1. Any chance segment 23-45 includes a residue that's basic (K, R) and within 13 Å of L117 (Cβ to Cβ)?
2. Run down L85, L53 and say which single residue is buried (at least 16 other Cβ atoms within 10 Å of the Cβ), in contact with a Gly (Cβ under 8 Å, 6 or more places away or on another chain) and within 23 Å of T151 (Cβ to Cβ).
3. Would you check which residues across segment 142-158 are surrounded by fewer than 20 Cβ atoms within 10 Å (Cβ to Cβ) and among the charged types (D, E, K, R) and list them?
4. Out of everything in segment 115-154 that is under 12 Å from the mean Cα position of the chain (by Cα) and in the same structural domain as I177 (by TED's automatic domain parsing), what residue ends up being farthest from P195 (Cα to Cα)?
5. Is it the case, given these coordinates, that G140 is of a type outside the set (S, T, N, Q) and touching a Leu at 6+ places or on another chain (Cβ under 7 Å)?
6. For residues in segment 74-111 being part of a loop (DSSP other than H, G, I, E, B) and without any contact (Cβ under 8 Å) to a residue 12 or more places away in the chain, which is nearest to H62 (Cα to Cα)?
7. Mind listing whichever residues of segment 20-40 are outside any strand (DSSP E or B) and free of Cβ contacts under 8 Å to residues at least 60 places away in the same chain?
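The values are calculated or read from the model by the stated rules, or taken from the named source; none is laboratory data. Predicted, not measured: the structure shown is a model, and the values here were computed from it. Cβ sites come from the backbone with ideal geometry, for glycine too, and all protein chains shown count toward neighbours.
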Amino acid sequence: MSLSADSLPLKSPLISVELEGQLKSVLAPVSGNVTLTCIADDGDKSLEMAIFLKDLASLSEHLAFKLLAPGEDPAADAVLDPAYLPATGFFTDRGFERMVFHGVPGGREMNSFAMALLTAGGAAKPLDKPTLKDIARIKGPVRADVCVSLTCSHCAKTVMNAQRVAYENEAVSVHMIDANLYPALVEQYKIERVPIMIAAGKIVGAGEMTMPEICTALRKLK
């Protein structure tokens, strides 16, 4: 693999001057250290994501960027899944935070990516006790894949809700997958619209899903 963090440009075309200011404001409450770990190959999307992450990490003293080749770190491969590259996960002092992005979070998914950063960095709003109890009732381990389109607002909301479920329950991991990048997956599950949630080898949800709906769908797997 020719990609290396040191050789990447400092600035990403995805982060305009306006967006940079917005991101700095969004990241200001982050108090915990977060390492953005990306498994990438030589593809265009991997390069685009790597440059984006390097630029993003420069916007906060609490962010770091780690770039890996497939197979370079078996432990990272096991949780991030290099079958769908680029694969980017969030790691903190607690370890892997069970939120993964496959693709580049442009469009609406920039919001869900920012929310994942806030959550991993300890800056998300607390959930109420009934919601936390509902999330805790999910038995795992269970992986939920949320297939999305970057222009879909319903997709971003579902991803954010699923990510929070994963953050609060160590038995759950959530992978956002840009369906446009992985046609074999679209064909396998006959995906005609998004968002679609896949778990245990089957579609378990379609359309925008709330946290309670996600919890119900994942509990039914056991």
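1. Within segment 23-45, the subset basic (K, R) is 24, 45.
Adding the requirement that they be within 13 Å of L117 (Cβ to Cβ) leaves 24.
Looking for residues that are basic (K, R) and within 13 Å of L117 (Cβ to Cβ), one finds at least one in segment 23-45, hence yes.
2. Working: L53 fails: in contact with a Gly (Cβ under 8 Å, 6 or more places away or on another chain).
The unique qualifying residue is L85.
3. Answer for segment 142-158, where residues must be surrounded by fewer than 20 Cβ atoms within 10 Å (Cβ to Cβ) and among the charged types (D, E, K, R): R143, K157.
4. A144
5. Values: of a type outside the set (S, T, N, Q): yes; touching a Leu at 6+ places or on another chain (Cβ under 7 Å): no.
In short, no.
6. Let us first name the residues in segment 74-111 that are part of a loop (DSSP other than H, G, I, E, B), namely 81-86, 93-94, 103-108.
Now restrict to residues that are without any contact (Cβ under 8 Å) to a residue 12 or more places away in the chain: 83, 94.
Working: A83: 29, R94: 15 Å.
Checked segment 74-111; the qualifying residue nearest to H62 (Cα to Cα) is R94.
7. Here is the first cut: in segment 20-40, the residues outside any strand (DSSP E or B) are 20-33, 40.
Of everything in segment 20-40, those that are outside any strand (DSSP E or B) and free of Cβ contacts under 8 Å to residues at least 60 places away in the same chain turn out to be E20, G21, Q22, K24, S25, A28, A40.
Quick grid of which residues meet (1) modelled with pLDDT of 95 or more; (2) more than 18 Å from I177 (Cβ to Cβ):
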| position | (1), (2) |
| --- | --- |
| L3 | no, yes |
| L23 | no, yes |
| K45 | yes, no |
| M49 | yes, no |
| A76 | yes, no |
| L80 | yes, no |
| E97 | yes, no |
| E109 | no, no |
